[in-house]
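Since the structure comes first, as structure tokens, the remarks are kept for the end.
Just so it is clear, none of the values below were taken in a lab; they were calculated from the coordinates. In this text, all values refer to a predicted model and were calculated from it rather than measured experimentally. Here Cβ is always computed from backbone atoms with ideal geometry, including for glycine, and neighbour counts include all displayed protein chains.
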Amino acid sequence: MSTAEFTLMLTRNEEYLKPFAVTLTRDVETAKDLLQETFYRALANKDKYNVGTNIKAWLYTIMRNIFINDYRRKAKQQTILDYTPNEYLLDNQQGAITNTAIVNLQLKEIQNEIHQLPAIFKRPFMLYFDGYKYNEIADMLNEPLGTIKSRIHFARKLLKEHLTRY
């Protein structure tokens, strides 16, 4: 097959490759670059194409592989490796002290709001908070599953309104 015939086959499939390139890259300009790279690689590897093979599938495979390789290369370039020595931490005699007072105050405030919930919402919410599943709570309280789900939802909603700082 001559280069002119091969080039003609490539240009006939360009209209199918453009949307695929845009789908992969989600950017028109990058898609144009990907399409150009695909044609370049196809021409460079013309001798590997077997006449009678589906050229569209061959070109799709080339494009997909180029995209995947570029994606992996970019992901690898964005990885930051820190080779600085952390020896300064070895001689550091200072210990970290956490301020539990603030955490305790916040926890008290959250518990206070939970205990102020109406009983109809508090009991299912506390059971859910303790780790029971919706259907287990429904069985315990002899209520329909949908009712339990809505009560827990409303309990969360009320807590969210009252605890806007968190």
Condition first: exposed (fewer than 14 other Cβ atoms within 10 Å of the Cβ) and among the acidic types (Asp, Glu). Now tell me which residues in the range 110-142 satisfy that.
ASP130, GLU136, ASP139
So the check is Cβ under 7 Å with 6+ separation or different chains; which pairs have a first residue in the range 50-69 that's on the phi < 0 side of the Ramachandran plot and outside any helix (DSSP H, G or I) and a second one that's of a type in the set (Val, Ile, Thr) and surrounded by 12 or more Cβ atoms within 10 Å (Cβ to Cβ)?
none
